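The values are calculated or read from the model by the stated rules, or taken from the named source; none is laboratory data. Just so it is clear, the structure is predicted and the values come from calculations on it, not from any experiment. Cβ placement follows ideal geometry from the backbone for every residue including glycine, while neighbour counts extend to all protein chains displayed. What goes into the accessible areas is simple: the full protein's heavy atoms, side chains included, and nothing from ligands, DNA or RNA. Shrake-Rupley method; radii C 1.70, N 1.55, O 1.52, S 1.80 Å.
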Amino acid sequence: MTAITTAYVCFILSLAVKCGAFSTGPTSQRLTGLAPLHSTPAEVTSSSINDASAAAVVDATSNQFTPVFDFTLDDVATKQQSAASFERIDDAIMGGISLSSLRDVPDKDYASWSGVCRTDGGGFCGMRTLPFKDAPLNATGQEGVYLDCNLASDDEAERRIWKLTVRTDSSRGEMVYQSQFDLKQAIEDAKKQSVGDEKNDVSDAWAKVLVPFDKFQLVRGPRLIPDGPPLNATGGIYQIGMTLSKFVMNVNTTELENFRPGYFDLRIKRIGFYNSQHHDGGSNVSASTKVAAVPTTLSKEDAEKKRPVVLRLLLPIAKLLFSEQANRRRSAMRILREERKLSRSRAIIWGIKCRKESMGMFKSCAKTAGILSVDILRSVIKTTLKIVLLYPIRLIGATIRAMKKAMGMKVKPSLRE
């Protein structure tokens, strides 16, 4: 039982690490990056999901834009620092095999967030800022988050769910504030504005996505948290991120019909905050953009060093249970068995033959034997944990929910619904 308990601790801790539940960011409540202003966010309700497209069509002609991350060629150092401020957070945390990254594109006026989103075991790609080193971003008085972008890979933005994410505390868990936005509509609006302008190429129009703070809602993974508190940005923004997903924001897990998996390339010029300019007489002025002041973030190495000592010691065991490479091998095995109609043994032999070309038969057999041994051990540990701990916990949870329903109490849906 001691061994099982230890394995279960590793199981929980590894989930926490991959989901970012342990805070590596600063706990200071000081604000930095923007001049102090004042605003009171509007109340957020679940009905705002029905008009998510409105977040992408806010009038941008009378707004002031304060870029936080600038990927243009205005300043090469700022461009590189902006790109280095983000880390990937793909569906590997839930057993998926999607892969993406935000990378600086030298000599180009943008950064590229690109990769391959696969639905096998997951169905989303994401990125988020590394923990800020000094203090959260000061968004007081700002009205929302904006994004200058261009979808370069295809013209089917509507076949994916696009989300912006912000966090109002220093935790790194899966509960964040999120808002869907209509990238397709934003691109079409940008093309309409480019018509008649000889300086702009309509086919290369850059969309300006504006997402008001009152459109953000508290979520856990892809699911809305019922009666979650509205976003309050006056305490600072600790994280900004983006997600491409097959999951629609909803109380229950909901997938987008006709989702387009595969390669994507979203080019980004700027990410920041915006607010309306109010002048005497109510007259509008043309949109203006400030100079970016990129916040300093911890490096990935420093962020890992700030993890608790116990967690750092348990990480090697956690990686044994949760391996992205193992997820990919499982997906490859499924394809070989379902699409190529190979038996498991024939698929393994096929893998040995493929490796033989690069490392020889002996090394290929030894490597395959090692992979099989680790996968078997991982499977035994996971199965044991499910039988001894996971299934009983689910049964207890289902019993409690049934009792609450029988008593007429409000019951939140389980994570698997």
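Put simply, the amide H of Gly144, placed in the peptide plane, has neighbours under 5 Å in Phe213, Tyr274, leaving out anything fewer than 5 places away on its chain. Based on the Cβ-Cβ distance from Val388 to Val310, what FRET efficiency comes out when R0 is 22 Å, to the nearest 0.05? FRET efficiency, Val388 to Val310: 0.50.
Residue ranges 363-374, 167-178 sort as 167-178, 363-374 when ordered by packing (mean number of other C-beta atoms within 10 Å per residue, highest first). In this structure, the amide hydrogen of Val251, modeled 1.01 Å from its nitrogen in the peptide plane, lies closer than 5 angstrom to those of Leu224, counting only residues at least 5 positions away or on a different chain. Extension gain, Glu158-Leu73: 0.36 nm per intervening residue step, less the Cα-Cα distance, totals 27.7 nm. For the pair Val195 and Ser276, a Förster radius of 25 Å applied to the C-beta separation gives a FRET efficiency near 0.45, rounded to the nearest 0.05. Evaluated with a Cβ-only charge set (Lys, Arg +1; Asp, Glu -1), the stretch 154-193 carries a dipole of roughly 140 debye about its Cα centre, given to the nearest 20. Surface analysis of the stretch 67-201 yields an accessible area of 38 Å² per residue, using protein heavy atoms and a 1.4 Å probe.
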